[in-house]
Amino acid sequence: MTESLSPDSLLVALGRPHSAGSPVNEPLPLTSTYRAGGELVYARDGNAGWQALETVVGALEGGSAVAFASGMAAVAAALETLPAGALVAHSRVAYHGVAVLLHDREAAGRLRVRAVDTLDHGAVAAACEGAALLWVETPTNPLLGVVDIAALSEVAHARGAAVIVDSTLATPLRQRPLDLGADLVLHSATKYMGGHSDLLLGVVVTREPELLGALVHRRRIDGSTPGALEAFLALRGLRTLSVRLERAERSAGELARRLAAHPAVTRVRYPGLPGDPGNELAKRQMSGFGAMVAFETVGDADSAERVCAGVELITHATSLGGVETLLERRARYPAEVAAGTPETLIRMSVGIEDVEDLWRDLARALDAVAAS
Ligand SMILES: *Cc1c(COP(=O)(O)O)cnc(C)c1O
């Protein structure tokens with residue numbers, strides 16, 4: 001029956017016990033070991049709570065999912081499947097934790113890395129020569145560029161490189177990288193999947209049995225296992241992803257349009273805006289434009305910081321994907337400045353509050369800067 005269900009229904013229906021008299025939710029399994037004679041021996045092998053979450057995420061992405069303690073634990077496990085000395089070509093605009101981890105591995109002589117502009121297909125082709133892996137992120141964080149997964153998968157595969165897509169900003173509901181040719185999809189489930197800013201969790205999904213086995217092995221041996229409570233909460237959050245995302249995305253589109261017309265804003269980046277560099281590709285590759293908006297303010301870093309300090313309903317904090325709207329000036333991190341993030345760029349994760357309340361809050365903070 002489930003093959004014919006839409007993702008919005010799979011989210012709700014899968015990963016539940018089915019026998020008569022069972023609870024409708026997988027109970028929270030708090031144990032570090034199992035009675036001998038069963039499939040599971042020790043808690044690093046797995047538990048029914050992770051499996052329920054993995055069943056849902058795997059079905060949404062069209063592969064088999066492996067859950068990890070955090071998005072970064074998932075990133076580390078994916079990189080750890082590569083042999084020593086392997087070359088990784090990676091998106092120059094990437095989640096800064098990924099950039100730091102790649103840099104650390106390179107400094108330790110564990111991997112070789114090559115940063116590339118993934119919007120430039122010729123440059124990606126050159127960077128993939130001799131590479132074992134191409135690391136793609138789309139939409140990119142925080143510039144919200146849209147990268148062509150199908151085209152780059154062809155380019156990378158032709159040169160013998162596997163492709164991983166960090167699809168955190170798109171969620172499994174807005175793009176399916178495995179269908180477009182990627183070998184691995186990664187999510188920080190801390191963000192949209194969990195959706196309530198109350199947990200850390202990561203997921204990697206693949207269709208390739210060898211990669212799946214390697215990832216499960218890494219989790220067991222490195223101990224990068226998700227907490228039982230976190231997996232429970234992530235699945236509970238995931239149940240409502242489609243309604244949360246629908247609302248947040250609608251508000252993001254509206255706020256992006258209004259921001260573009262505000263005198264204190266010099267540029268808005270949102271793939272849903274006509275004329276945005278990623279708009280045409282996003283229409284083909286994604287089934288919606290997501291709920292992240294980035295904008296640059298007039299003035300300098302201090303002006304942008306005053307906007308961040310001036311909001312009241314909106315929370316000035318890092319992270320994204322929760323029900324509450326968050327914003328921050330990304331160039332407050334030195335690594336982001338080095339990666340080319342403009343000084344006044346504010347990244348906003350639009351939540352599910354009333355859009356008029358959000359706009360009043362934002363406009364008031366922006367008006368104060370425009371008037372000064
Ligand atoms: C947050 C994030 C990560 C890291 O995930 P954690 O759960 O914070 O460890 C990786 N990639 C992207 C795009 C993210 O936003």
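A short reminder: the numbers here are calculations on the coordinates, not readings from a lab. Predicted model, so just to flag it, every value in this text is computed and none were measured. Cβ sites come from the backbone with ideal geometry, for glycine too, and all protein chains shown count toward neighbours.
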Tilt relative to the chain, helix 149-158 - C-alpha long axis, 0 to 90 degrees, to 10: 60 degrees
Between helix 48-61 and the chain: long-axis angle, C-alpha atoms, 0 to 90°, nearest 10: 60 degrees
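Based on other C-beta atoms within 10 Å, arrange THR318, THR341 from fewest to most.
Values: THR318 12, THR341 23.
Fewest to most other Cβ atoms nearby, the residues stand as THR318, THR341.
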Residues with amide H under 5 Å from that of SER197, placed H, sequence gap 5 or more: VAL323
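Take the Cβ-Cβ distance between GLU210 and ARG250 as r, set R0 to 41 Å, and report the resulting FRET efficiency rounded to the nearest 0.05.
Numbers: r = 41 Å, r/R0 = 1.00.
The pair GLU210/ARG250 has a calculated efficiency of 0.50.
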Cut-off under 5 Å, modelled amide H: who pairs with GLY351 long-range: THR325, LEU326
Karplus-derived 3J(HN,Hα), 6.51/-1.76/1.60, for each residue of region 350-360, Hz, glycine and proline x: 7, x, 10, 5, 5, 5, 5, 5, 4, 5, 4
For ALA86, distant residues with modelled amide H under 5 Å away: ARG112
Choice from ALA115, ALA294, ALA84 showing the highest fluctuation, given a GNM over the chain with Cα pairs closer than 10 Å: ALA84
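Remind me, relative contact order of region 2-238 in percent, using alpha carbon pairs under 8 angstrom and six or more residues apart? Please report the intermediate quantities before stating the final value.
On the way: 458 pairs, mean separation 54.9, N = 237.
Over region 2-238, the number comes to 23 percent.
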³J(HN,Hα), Karplus 6.51/-1.76/1.60, whole Hz, each residue of region 367-372, x for Gly, Pro: 4, 4, 6, 5, 6, 8
Dipole magnitude of region 1-114, debye to nearest 20 (Cβ charges: Lys/Arg +1, Asp/Glu -1, about Cα centre): 440 debye
Which of PRO172, HIS157, GLY227, positive extreme of dipole for the chain (C-beta unit charges): GLY227
Cα-centred dipole magnitude for the chain, charges only on beta-carbon of K, R (+1) and D, E (-1), debye, nearest 20: 340 debye
Backbone HN-Hα couplings from phi across region 221-226 [Karplus 6.51/-1.76/1.60, Hz, Gly and Pro as x]: 7, 7, x, 8, 7, x
Cα centroid separation, region 1-77 to region 190-207 (Å): 13 Å
Nearest 10 degrees, 0 to 90: helix 241-260 Cα axis against the chain principal axis: 20 degrees
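Would you work out the charge dipole size for region 225-370 about its Cα centre, treating the Cβ of every Lys and Arg as +1 and the Cβ of every Asp and Glu as -1, and quote it to the nearest 20 debye? If you can, show how the numbers build up before the last one.
On the way: 18 positive and 21 negative charges, 93 e Å.
So the dipole magnitude of region 225-370 works out to roughly 440 debye.
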Computed over region 214-319: relative contact order in percent, which uses C-alpha pairs under 8 Å that are six or more apart: 21 percent
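Using a Förster distance of 41 angstrom, determine the FRET efficiency expected from the C-beta separation of VAL298 and ALA150, and round it to 0.05.
Details: r = 38 Å, r/R0 = 0.93.
Computed FRET efficiency for VAL298 and ALA150: 0.60.
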